[in-house]
Amino acid sequence: QDLNTNEEGDLSEVTKRVQGIGCSRKRKEDPKFVQGRGQYVDDVKLPGMVFVDMVRSPYAHARIVSINKEKALALPGVHAVLTAEDLKPLNLHWMPTLAADKQAVLADEKVHFQYQEVAAVIADDRYIAADAIELVEVEYEILPPLVDPYQSMVDGAPIVRDDLLDEHGEVEQSHPNKIFEWDVGDKEGTESVFEKAPVTVKETMYYPRVHPSPLETCGCVASFDPVKGNLTVYVTSQAPHVVRTVVSSLSGISESKVRVISPDIGGGFGNKVGIYPGYVVAIVASIVLGRPVKFVENRTEHLSTTAWARDYFMTGEIAADEQGRIQALRVNVLGDHGAFNSQAQPTKWPAGFMNICTGSYDIPVAYLNVVGVYTNKAPGGVAYRCSFRVTEAVYVIERMMDVLAHKLGVSLAEIRMRNFVKPEQFPYDTALGWQLDSGNYHFALQKVMDAVDYPALLEEQKVKRENGELMGIGVCTFTEIVGAGPTRNCDILGIGMFDSAEIRMHPDGSIIARMGTISQGQGHATTYAQIIATELGVDSDLITIEEGDTDTAPYGLGTYGSRSTPVAAAAVAKAAREIRAKARKLAAAMMEVSEDSLEWQEDRFAVKGVPGMEKTIKEIAAVSYGQLPNGIEPGLEAVNYYDPPNFTYPFGAYICVVDIDKGTGETKVRRFYALDDCGTRINPMIIEGQIHGGLTEGYAVAFGQELPFDADGNILGNTLMDYFIPTAVETPKWETDHTVTPSPHHPLGAKGVAESPHVGSIPCFTSAVVDAFSHLGVTHMDMPHTAYRTWREMKKLGLTQ
Ligand code: MCN
Ligand code: CUM
C-alpha cells in the first residue's frame, strides 16, 4: 500500500488546469479579508437599527430581589429595558438548549453564574445602551455558590437549579445537581480483567476549562418586517439552518418566513454553534419594536458567557500483560457543565463521543462512566476544535499509554507500537461501540520516528539527564472521530445530521453551488470548488460557492466537528456526479450514440474507440438549456442530501521535543513534528494551514489557557490581559507530514482534518513536559504547563531552590 499518494506532482494536466482535488489552490476568500472588505455581523447596518446591551450579574449565585428600570428608561435614547418578567407573557424567558435542558434568557428570579444576563437595555446606539445598563438598579440576595464540582453532590450542597425541582422538591436524578450519568461498555467484564491483570496503572488528571476566543465575538442583527411578517437574522452562526429551526419554533413564525444569514465569520471553533440569550433578546426586541436590533458582545462578555470547552476530571486505568499489551481500559469522568446543560452536540450523546477513548489501540474490553453536574458557572462544554469530547478522550488514553510505558520501562513509541490496531483489522469495532473505518498507525508512527531520528533523541536525552538537564520527548498517536454523522445515531432537535449540496451549471458552463455548511475561515469557497472541478472538469475559478443563507442554501447541519469534508463534501461529489450522469445522456443524444459507448475523460465525454468524437462539459452545458432531444428535461442541476454510513477516522502521529529551563520552569518547544492522515487530500495547502492553526491552538491550551474560578464563583482570566492567545512570538515552528489512507465509505475517500492537530497536539505537549521529569518518577502534570506550575513541580522534586 502506497501511503504517500496524492502528491501534487502526480496530478493530471486537466486537474492542474482546472485546479481540482490535490492542488494547493490559493484561497479565493482571502483577497477581501486582506483588504479589510469582509462583511461581518457588526458590519451590518440597517436603517433605524437600535442596540442591545446586557445588565449582567456580578454574583455567581443570587436571588433577584428587585429590578428598577426607571432611571435607565429616563435616559434619552433608551427604548426599552427588558427583564424576565417582560419575556414571561411570550414564554421566552427560558429557551431550550441543544442538550435537552433549558437556559434562562434573562435571569428568572435568580442568577446562576457570574455575568449571567439579568436585563437587556435597548437604545439608539451602543454607547447610550452601555450608559443605561449602569442605571438599571438590581437588588440581589447573595446565595452560597457551588464552585467545586466534587462538592456538587454532597449533602447540603447549594442547589443550582431549583427550577428543575418538582412541587415535592424532588428531581428525577439522585441529586438535584446531577445532570446525567452515562456509562458505556462492559463494567463487570472490565472489572474481572483488572482483578487478574499482571500490570495495572491508574492516573487522575484534570483537563481545564478553556475558551476558543475567536477573533470575532458573537453577535446578531435581528430585523423583523411588520408588514410582510418576515424575520431576518444575521448571526455569527456555524449552523444557520439549526438557528432557523430554533428561532421559528420559539417565535411561532414559520420557517419559510425566517431567514438566517451567517455572513463572514471571524473564527468559530465551536463557540458559534449554540444559540445565546442575546440573540433571543434581539429577536424579541425587533418583533416588539418593529425595527432592526443589533447585539454584539465585548471580549469579556464573550469569554465569560459563551461556549467554552472541557472542564473534565478524568481517571484512567489500564490493565495489561507484562509486555504492556492492553487487556482492559477503564475511564471515570466528572464533568462540570456549569449552570445549564447547553452543550451543542448530537442529542443522543450526553458526553459527546467520549467513548472514543479506546484511541488507536486494540483493547478487548473497556468501560466508561461519565457523570455531568451543575455548578454556578457559565454553561457550555463542547467547543474548541473538539469533535464532541474526542479531545478529552484522546488526552486520557494518550496520557495512560505514557503512564503504562513508564511503569514497564519501555519507550513511549514502543508501547504504542505494541498496542495499535493493525492495518488488516480495519474496519475495527472498538470495545466502546465505534467502527474505525481505516488506518495504518504503525506506518505513520514509524515515519515520524524516522523523520526525527527517535533513537538519537532518546540517546541525547540520556546524556542530558546525566548532566542534570531537563529534556522531554512527547509522543501522541491519536484517532479522531469526525463527520457527525449518520442520522441513525446523530441528530439535533430531531433533525438528522446529514448535509447537503446544490449545484447549478449555467449555459456558459460556469457553476454556482450551495451547501448546508458554513465556513468560518476553513476555506470552503476554495475547496468545494476543487471537488466540483475534478468531478465535472470545470475550471475552479468558474465555480462560485455560497454558504450561510438559509433562503438559498439547502438545509444542512452546519460546520463543526470537522464534518464539512466527511459529510457536505460527499454531497458535493454526489451532486456533481448526478450532473455528470445527465451530461452523459445529453452527450449521447448530441452525438447520436448510446450512453454505453461513452467514456468520461476528466472534462468531456468521448466515444470509445472513435478519436475526435467527443463533447466537452462546456459544450454540453450550452446545449442543456436549448432544444433537447428525446424529451430530456432542460437544465443541469442537482441537489444531494448525504447521510453518511459511518464517521471518518483521521489519525496522526506526533512527536514533540522540549527543553525545560531549570531556573525558571519555562518550556521551550524545540521541535514539533506532526504527521496527519485525513485520507484523500483536497487542498494540501489548506490542510497545512488548518494544521498550523490547530497546533497553535493546542500549544495555547497546553501552555497557558485556562478559565479558573475563585471560591465565590468569580471567573478569572476573562480578559485578553490574562487569557493566553499565542502570537507569532510564542508559537513554535511546526513540521508537518502526511500519509494517505482513504476512507473506504466516503465518495472521495476524504476524512475531516481541521480538529486533528488540536486533539493530537495537546496530549503530545503534556507527554513531552512530563517526559522531561519521568526519570524522577513523575507520571503526570496537569495543564497548563506554565513556567510557574512547572517551577512548582521542580521545587517539589528538589530540583530548584
Ligand atoms: N480539507 C481538505 N482535505 C481533507 C480534509 C479537509 O482539503 N481531506 C480542507 C477542507 O476542504 C476545508 C478544510 O480543510 O477547506 C477543513 O475541512 P474539515 O476538516 O472538513 O473541517 P470543517 O470545514 O468542517 O471545519 C470545521 C473545523 C472545526 S470543527 C473547528 S472547531 C475549526 C476548524 O474547522 N474552526 C476554525 N478550523 C478553523 N479554521 C479557521 N480558520 N477558523 C475556524 O473557526
Ligand atoms: Cu467542537 S469545535 Mo468545532 O466542532 O466547531
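The values are calculated or read from the model by the stated rules, or taken from the named source; none is laboratory data. Since the structure is predicted, the reported quantities are computational estimates derived from the model, not experimental observations. Note that each Cβ is placed from the backbone with ideal geometry, even for glycine, and that neighbours are counted across all protein chains shown. Just so you know, the surface numbers come from the protein's heavy atoms only, side chains and all, with ligands and any DNA or RNA stripped out. Shrake-Rupley method; radii C 1.70, N 1.55, O 1.52, S 1.80 Å.
Numbers at a glance
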read-out	value
Residues (within 16 Å of ligand 1 (Cβ to nearest atom), over 24 Å from LEU164 (Cβ atoms), touching an Asp or Glu at 6+ places or on another chain (Cβ under 9 Å) and not aliphatic (A, V, I, L, M)) located in region 368-403	TYR384, ARG385, CYS386, SER387, THR391
Close pairs (6 angstrom Cβ cut-off, 6 or more residues apart or separate chains): touching a residue at least 40 places away in the same chain (Cβ under 8 Å) and under 20 Å from LEU215 (Cβ atoms) in region 250-272, open to solvent by less than 10 Å² (accessible area, probe 1.4 Å) and polar (S, T, N, Q) anywhere	SER262/SER237; ILE265/THR236; GLY268/GLN238; ASN271/THR306; LYS272/THR236; LYS272/SER237; LYS272/GLN238
Selection count where residues are surrounded by fewer than 17 Cβ atoms within 10 Å (Cβ to Cβ), part of a loop (DSSP other than H, G, I, E, B) and in contact (Cβ under 8 Å) with a residue 40 or more places away in the chain, scope region 715-744	5
Selection within region 421-465 - open to solvent by less than 40 Å² (accessible area, probe 1.4 Å) and outside any loop (DSSP other than H, G, I, E, B)	TYR428, LEU436, TYR441, ALA444, LEU445, VAL448, MET449, VAL452, TYR454, LEU457, GLN461
Residue tally, condition part of a loop (DSSP other than H, G, I, E, B), more than 16 Å from ligand 2 (Cβ to nearest atom), in contact (Cβ under 8 Å) with a residue 24 or more places away in the chain and not hydrophobic (A, V, I, L, M, F, W, C), over region 750-792	6
Members of region 502-533 found to be touching a residue at least 60 places away in the same chain (Cβ under 8 Å), near ligand 1 (Cβ under 8 Å from one of its atoms) and not in a helix (DSSP H, G or I), listed by number	SER519, GLN520, GLY521, GLN522, GLY523
Members of region 27-61 that are under 26 Å from the mean Cα position of the chain (by Cα) and acidic (Asp, Glu)	GLU29, ASP30, ASP42, ASP43
Among the residues listed as GLU181, GLU172, the single one being in a strand (DSSP E or B) and open to solvent by 50 Å² or more (accessible area, probe 1.4 Å)	GLU181
Positions within region 638-664 being under 30 Å from LEU536 (Cα atoms) and among the acidic types (Asp, Glu), in sequence order	ASP643
Filter result (within 21 Å of SER262 (Cβ to Cβ) and open to solvent by 30 Å² or more (accessible area, probe 1.4 Å)) within region 492-501	LEU493, ILE495, PHE498
Unmet requirement for GLY324, which otherwise passes all of (1) assigned to a loop (DSSP other than H, G, I, E, B); (2) under 30 Å from LYS110 (Cβ atoms)	(2)
Every residue from region 290-313 that is of a type in the set (Lys, Arg) and away from ligand 1 (no atom under 14 Å from the Cβ)	ARG291, LYS294, ARG299
Residue that is nearest to ligand 2 (Cβ to nearest atom) [pool: residues in region 551-576 that are buried (at least 24 other Cβ atoms within 10 Å of the Cβ) and of a type in the set (Val, Ile, Thr)]	THR559
Top-ranked residue in region 685-699 [being within 11 Å of ligand 1 (Cβ to nearest atom) and open to solvent by less than 20 Å² (accessible area, probe 1.4 Å); ranked as farthest from PRO650 (Cα to Cα)]	ILE686
Test: residue in region 115-125 that is without any contact (Cβ under 8 Å) to a residue 24 or more places away in the chain and either of a type outside the set (S, T, N, Q) or not in a helix (DSSP H, G or I) (or both)	no
Selection status of TYR384, part of a helix (DSSP H, G or I) and within 16 Å of ligand 2 (Cβ to nearest atom)	no
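Results for (1) polar (S, T, N, Q); (2) open to solvent by less than 20 Å² (accessible area, probe 1.4 Å), shown as yes or no for each residue.
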residue: VAL34; (1), (2): no, no
residue: ASP43; (1), (2): no, no
residue: PRO47; (1), (2): no, no
residue: MET54; (1), (2): no, yes
residue: HIS61; (1), (2): no, yes
residue: ILE64; (1), (2): no, no
residue: THR83; (1), (2): yes, yes
